[in-house]
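A.B. asks: Attaching a single structure in structure tokens format; questions to follow.
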Amino acid sequence: MAAKERPVLGITMGDAAGIGPEVCAKALASKEIYDLSRPFIIGSSYSMKDAIKFTHKPLKIHEIEKVSDMLGQYGTIDVMDMHNIDPKISLPAR
């Protein structure tokens, strides 16, 4: 499937301090997801970076402001950061 033919898939990460970011990181570490769609996360880039470190997945974050900014490439998670989290107080220490 060509890049433009794959549907865009917006995924909310859930609670920034919960298990949602880790589930998203693990799911988007699968190439098959990118073969079928162009996924992006709606939530917090900080939380997603933390989840990638925690899960030891070889992924990068690409912050986007609008869907047209997406890369849609395996190995890079497009994140539409809502900028509603203060990372200094939001996430528990690991």
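A.B. asks: Answer yes or no as to whether residue 62 is at pLDDT 95 or above and not hydrophobic (A, V, I, L, M, F, W, C).
C.D. replies: The answer is yes for residue 62.
A.B. asks: Filter region 69-84 down to the residues that are within 11 Å of the chain's Cα centre (by Cα) and charged (D, E, K, R) and list them by number.
C.D. replies: The answer is 78, 81.
A.B. asks: Okay, moving on. Anything in region 46-57 that is open to solvent by 80 Å² or more (accessible area, probe 1.4 Å), under 14 Å from residue 78 (Cα atoms) and in contact (Cβ under 8 Å) with a residue 24 or more places away in the chain? List them, or say none.
C.D. replies: Passing the criteria: only 46.
A.B. asks: Kindly indicate the residue of region 9-27 that is farther than 17 Å from residue 74 by Cβ and charged (D, E, K, R) and also surrounded by the fewest Cβ atoms within 10 Å (Cβ to Cβ) among those meeting that condition.
C.D. replies: Step by step, filter region 9-27, then rank; the result is 15.
Every residue, every condition in (1) touching a residue at least 60 places away in the same chain (Cβ under 8 Å); (2) in contact with an Asp or Glu (Cβ under 9 Å, 6 or more places away or on another chain), yes or no:
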| site | (1), (2) |
| --- | --- |
| 17 | yes, no |
| 27 | no, no |
| 32 | no, no |
| 41 | no, yes |
| 44 | no, yes |
| 79 | no, yes |
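A.B. asks: Right, another one. May I ask you to list the residues in region 28-45 that are more than 10 Å from residue 78 (Cα to Cα) and among the charged types (D, E, K, R)?
C.D. replies: Passing the criteria: 31, 32, 35.
The values are calculated or read from the model by the stated rules, or taken from the named source; none is laboratory data. Bear in mind that the values here come from a model prediction, so they are computed numbers and not experimental data. We place every Cβ from the backbone using ideal geometry, glycine too, and count neighbours over all the protein chains shown. Surface areas here come from the heavy atoms of the whole protein model, side chains and all, with no ligands, DNA or RNA. Shrake-Rupley method; radii C 1.70, N 1.55, O 1.52, S 1.80 Å.
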